[in-house]
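The values are calculated or read from the model by the stated rules, or taken from the named source; none is laboratory data. All of these numbers come straight from a predicted model, not from anything done at the bench. Cβ sites come from the backbone with ideal geometry, for glycine too, and all protein chains shown count toward neighbours.
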Amino acid sequence: MRAKYPLVKFKKDENVWVSYTKQKVFRQNNSMNLVITGQTGSGKTYAMLSFFCLLNPDFELEGNFFFKAIDLMKALKDGNFKRGKIWGYDEAGIDANNLNYQNIIAKGLNALFQTARHRNYVFGLTLPHLHMLTKGVRTLMSAHWTSEGWNKKNQSIVVPRSLEYNGEVDKFYRKRLVVVNGNDVSLCNRILLPKPSSKLTREYEKLKKEYTQDLYEKIYKDMDAFDKKQNGFRNQFILTEREESVLNLLKSGKVVSDIKVSLGISQPRIYQLMGALAKKGVSIRGVYGVNNTLESYNVVDVRDKE
């Protein structure tokens, strides 16, 4: 059992995962990289904040808790942090879903997890699904918790597992914590975490609201720019009434001499209108028959492809 499962000694009045994390960070010269997943509203962020407060009752959000990867990396690059430092990265799925940004984030987290283990830190992040993290980052995570909401006492219900990757067989292992209490040995299936303090939750909700407003503003601007681009694309294909008439006649198989009679305009004017149609995306190619005589036009209207 010792070789297969993470082991911790039971300590009265202390959450076993708090004991285990302190053991890794302060006695085993290691760090804790924790990912908490769960559906929206499952309480994963409050669970992370509660855990941080159990580790350090003086934990505060400023300088330690981030919604954006760039702000997190800015704090990390300083490198001036004490043993037992705690960082939180909330809503990581927003950045992780940005494919253009994903590799940059993964590179930063990989660098942290691989080079800063001796700094003895605690790092936690939340996102809806584990697969949102790149495989490279997942291989370096210490634990994966699943948030399952709250009980009647307003405690977060969490299914905690250590996360271990075996590169030889390319396989992940999720293991329960083995808790030793005297002669008794048990497996930790679930933990209950108290709701964070009102002061901390108020501060978090304020920061979350600001982040959400900024996020929606960015999304709106991106959508507005896209819509304007699309409208501009459509507008370049708007035809005048005369151009539309010529185009319809060309599509019906008429040639220039026919159009001249139908519309009562000169041939030079018709060719001018055909040139205007070509500039607006209409392909007009002559179809020739016997003796190289023009019989009709092959017309491809770009608007028909929308």
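I need the full set of residues from the stretch 163-196 which are acidic (Asp, Glu), in a loop (DSSP other than H, G, I, E, B) and either surrounded by 13 or more Cβ atoms within 10 Å (Cβ to Cβ) or at negative phi (or both), in order please.
Of everything in the stretch 163-196, just one residue is acidic (Asp, Glu), in a loop (DSSP other than H, G, I, E, B) and either surrounded by 13 or more Cβ atoms within 10 Å (Cβ to Cβ) or at negative phi (or both), namely GLU168.
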Somewhere in the stretch 199-207, is a residue at pLDDT below 90 and within 27 Å of ALA106 (Cβ to Cβ)? yes
Among the residues of the stretch 147-176, count how many are in contact (Cβ under 8 Å) with a residue 60 or more places away in the chain and acidic (Asp, Glu). 1
Residue by residue through the stretch 243-271, note down the ones that are among the β-branched types (Val, Ile, Thr) and loosely packed, with under 14 Cβ neighbours inside 10 Å. VAL261
How many residues, within the stretch 272-294, are hydroxyl-bearing (Ser, Thr, Tyr) and surrounded by 12 or more Cβ atoms within 10 Å (Cβ to Cβ)? 1
Has the stretch 30-52 got at least one residue that is β-branched (Val, Ile, Thr), in a helix (DSSP H, G or I), closer than 16 Å to PRO194 by Cα and in contact with a strand residue (DSSP E or B) (Cβ under 9 Å, 6 or more places away or on another chain)? yes
List pairs: first in the stretch 9-36 and without any contact (Cβ under 8 Å) to a residue 40 or more places away in the chain, second surrounded by fewer than 19 Cβ atoms within 10 Å (Cβ to Cβ) and of a type in the set (Ser, Thr, Tyr), Cβ under 6 Å, 6+ apart or cross-chain? LYS11/SER19
